[in-house]
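Quick note: the coordinates plus some simple rules give every number you see, no bench work behind them. A quick note: this is a predicted structure, and the numbers were derived from the prediction, not measured. Here the Cβ positions follow ideal geometry from the backbone for every residue, glycine too, while neighbour counts run over all protein chains shown.
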Ligand SMILES: CC(C)(COP(=O)(O)OP(=O)(O)OC[C@H]1O[C@@H](n2cnc3c(N)ncnc32)[C@H](O)[C@@H]1OP(=O)(O)O)[C@@H](O)C(=O)NCCC(=O)NCCS
């Protein structure tokens with residue numbers, strides 16, 4: 001089991017180790033600043049998750065612009081997810097938040113959202129804004145659950161299938 005305390009496996013407590021909930025180990029999340037060397041791995045997750053993924057250039061530009069670009073990894077270095085937050089004098093803008101497909105729905109998105117809040121607060125922002133596709137019910141439900149409220153619609157904001165465009169729901173959370 002990845003991330004299991006070494007001492008347990010070594011001390012013959014295999015049965016207890018096997019019964020240990022995976023989520024406890026997975027909570028050992030390490031956040032680090034996204035670097036250029038991370039981008040191939042980030043790009044692979046991005047492409048696996050989105051119909052219209054960010055390009056590596058989009059990530060590189062965000063890093064070069066000194067946006068808050070963070071990666072979450074498990075204790076074994078496996079990718080959990082990432083987020084990019086653009087800080088403005090008052091409101092921060094969550095540009096991208098992504099949990100790797102196999103890790104979704106296990107509480108990691110909440111950890112990333114909480115971390116984004118902490119960073120926004122630390123930089124004296126009073127709120128976080130984000131956009132989300134109406135066709136993304138899971139993300140919408142998660143954002144509503146953690147307290148984001150819809151404040152508007154951006155018409156035709158996102159590219160969609162077949163040259164079409166999709167609106168964005170704009171949400172805001174006071175932090
Ligand atoms: C959206 C995303 C970041 C959420 O991360 P996640 O790991 O799946 O979400 P979590 O499991 O951490 O859930 C977060 C919270 O929402 C709650 N939640 C999850 N699904 C819910 C639902 N359908 N209704 C209400 N609450 C829900 C969880 O219980 C949890 O709340 P808690 O911490 O109080 O228990 C992730 O699913 C993802 O990367 N999706 C693909 C990419 C994407 O859509 N990104 C957003 C683009 S705008």
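Each residue, residue 138 and residue 102, gets one label point 7 Å from its Cα in the Cβ direction; the gap between the two is 1.5 nm. Counted residue by residue at 0.36 nm each, then reduced by the alpha carbon distance between them, the extension gain from residue 64 to residue 36 reaches 9.1 nm. Here the ratio of the Cα radius of gyration of the range 14-174 to 2.2 N^0.38 Å is 1.08.
Expressed to the nearest 5 percent, the antiparallel share of DSSP beta bridges inside the range 14-174 is 90 percent. Structural descriptor for the range 14-174: relative contact order 16 percent, calculated from alpha carbon pairs under 8 angstrom and at least 6 residues apart. Once the C-beta distance of residue 49 and residue 145 is scaled by a Förster radius of 22 Å, the resulting FRET efficiency is 0.65 to the nearest 0.05.
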